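See below for the structure under consideration.
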Amino acid sequence: MASDVTLANCEDEPIHVPGAVQPHGALLVLEATSLVVLEVSQSLEIVCGIAPSAALGAFAPSLFDAESSARLAAGATSADLRLVNPLRVTTADGRVFDAVLHRPLAPEGCVVLELEPVAEVGTGSSGFDPRLREALLTLQITTDRASLAKAAAEQVRLLTGFDRVMVYRFDRDFNGQVIAEAKADHLDSFLHQRYPASDIPAQARPRST
C-alpha cells in the first residue's frame with residue numbers, strides 16, 4: 001500500500017541518523033572524555049579484524065598499536081578536530097586505516113571514529129592525496145566567487161566520479177539556487193534553478209553548508 005508523500009514528510013525524515021555505514025569502512029562511537037567504545041558498526045570485525053565484543057566497553061586507543069594509540073588518544077581530545085584529521089592508524093595485527101574523528105550534534109558527549117582501509121601503504125601520503133592537492137591548488141588560484149564555485153564543482157566531480165555536482169546557495173530564508181554545476185554530458189542542467197526552503201529540510205542543511 002503506497003503512503004502519501006508530502007513536503008512535511010521530508011522534514012520528518014531522520015536523514016542525519018541513517019543507522020548504517022558503507023560496508024568498506026567501520027564506525028565506532030566513543031564517550032568523549034573516557035574514549036570508551038559505546039557502539040560499533042557491524043562491519044568492524046570484517047573490515048578491521050576486531051570483534052564487536054572486544055571493542056564494546058574498551059578504551060578505544062587500546063584497539064590499535066602503541067603509536068596509533070597515542071596519536072588517537074591525543075587527537076580525540078583535541079579542541080578542534082579539523083587540525084588532527086585525518087589520522088593514520090594501525091591495528092595490532094597490522095591493518096592500516098585512515099581515521100576521521102568528529103563530534104556529532106547528537107548524542108551529546110560522544111566522539112565518532114570512522115575507519116577506512118588504506119589500499120596501499122607507502123612512506124608518503126595515501127593515493128588520494130595527490131589528487132586532493134591538485135584540487136586545492138586549482139581552488140587557490142581562483143580569484144572570484146563565481147569561478148571558485150565552478151572550480152569547486154568540477155574538482156569535486158573529478159575526485160568523486162559523481163555524475164553531477166552542484167554548488168547550492170541559501171538565502172536568509174533558506175531558499176536555494178544552484179550557482180555552479182559540473183555534470184555528465186547526457187544530463188540536463190540545473191544551473192541557476194531556484195528552489196523553495198522545503199527542498200532541503202532543516203535537518204539536512206548542516207550537511208549542505
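Miscellaneous remarks
- When residue 187 is tested against (1) more than 23 Å from residue 204 (Cα to Cα); (2) assigned to a loop (DSSP other than H, G, I, E, B); (3) modelled with pLDDT under 95, only condition (3) is not met.
- All positions within region 64-109 that are touching a Cys at 6+ places or on another chain (Cβ under 8 Å) and within 16 Å of residue 40 (Cβ to Cβ): 91, 95, 97, 104
- Any hit, region 132-147, residues being touching a residue at least 12 places away in the same chain (Cβ under 8 Å), hydroxyl-bearing (Ser, Thr, Tyr) and in a helix (DSSP H, G or I): yes
- None of 33, 90 is closer than 16 Å to residue 111 by Cβ, in the same structural domain as residue 105 (by TED's automatic domain parsing) and hydroxyl-bearing (Ser, Thr, Tyr) except 33.
- Being of a type in the set (S, T, N, Q), assigned to a strand (DSSP E or B) and touching a helix residue (DSSP H, G or I) at 6+ places or on another chain (Cβ under 8 Å) is a condition met by at least one residue of region 70-91.
- Output for region 159-209, where each listed residue is on the phi > 0 side of the Ramachandran plot and in contact (Cβ under 8 Å) with a residue 24 or more places away in the chain: 174
The values are calculated or read from the model by the stated rules, or taken from the named source; none is laboratory data. Predicted, not measured: the structure shown is a model, and the values here were computed from it. Neighbour counts are summed over all protein chains in view; Cβ atoms, including those assigned to glycine, are modelled from backbone coordinates with ideal geometry.
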